[in-house]
1. For every other residue with a beta carbon closer than 10 angstrom to the beta carbon of Ile87, add +1 if it is Lys or Arg and -1 if Asp or Glu, then tell me the sum.
2. Using modelled amide H (1.01 Å from N, peptide plane; none on Pro or chain starts), what sits under 5 Å from the amide H of Asp84, excluding residues fewer than 5 places away?
3. Rounded to the nearest whole Å², what accessible area per residue is found for the chain with the 1.4 Å probe?
4. Around Arg53, what is the net charge, scoring Lys/Arg as +1 and Asp/Glu as -1 over all other residues with Cβ under 9 Å from its Cβ?
5. So what J values fall out for the stretch 48-61 if you push phi through Karplus, 6.51 cos²θ - 1.76 cosθ + 1.60 with θ = phi - 60°, rounded to Hz, Gly and Pro as x?
6. Which whole-Hz couplings ³J(HN,Hα) result when phi for each residue of the stretch 75-90 is put into the Karplus expression 6.51 cos²θ - 1.76 cosθ + 1.60, θ = phi - 60°, listed in order with x for Gly and Pro?
7. For Arg72, tell me the accessible area in Å² from a 1.4 Å probe, rounded to the nearest 10.
8. Over the chain, what percent of the accessible surface lies on carbon and sulfur atoms, probe 1.4 Å?
Amino acid sequence: YRIDSLSDGPWVIVVEGEKAADALASVGAPVVATVTGAATVPADEVLRTIVDRERVLLWPDNDDEGRSHMERIASRLCDIGARDVRIVRW
C-alpha cells in the first residue's frame, strides 16, 4: 500500500496497515504498508521494490503478531539484499 506514491529517497518506513501508513504519510514520512495480514509476509518481488533503500525501518503494531510479522519481513529483506533493516521496539 502506497508504493505508487513513494518518492525516491534514502529510507522507507514499513507499517502493517493503511491507517498507520496514511497517518505517517500525512506528516511527510516515506511510508508503505503491508496489507497481507500479520500472518503472511509479502512476496519477494514486492519486497524488492524497497530493498535498494539505504535503510528500511519496520514499524510493527504493538502486539506479538505485529512484532513477529516485521521480524519475518526483516529476515526476507536481508535474504534478498537489503543493507540496513531496523525494527522499532515499543
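The values are calculated or read from the model by the stated rules, or taken from the named source; none is laboratory data. Keep in mind the model is a prediction, meaning the values are calculated, not measured. Methodologically, a virtual Cβ is constructed for each residue, glycine included, from the backbone with ideal geometry; neighbour enumeration extends over all protein chains shown. Quick note on the areas: whole protein, heavy atoms, side chains included, nothing else; ligands and nucleic acids left out. Shrake-Rupley method; radii C 1.70, N 1.55, O 1.52, S 1.80 Å.
1. +2
2. Close amide H contacts, sequence-distant or interchain: Val56.
3. Computed with neighbouring chains in place, this is 58 Å² per residue.
4. -1
5. Taking θ as phi minus 60°, the curve returns 4, 5, 10, 5, 8, 5, 4, 9, 10, 9, 9, 10, x, 4 Hz for the stretch 48-61.
6. Per residue, the Karplus-derived 3J(HN,Hα) values read 4, 5, 4, 5, 4, 9, x, 5, 8, 9, 10, 10, 10, 5, 9, 6 Hz.
7. Number for this one is 80 Å².
8. 50 percent
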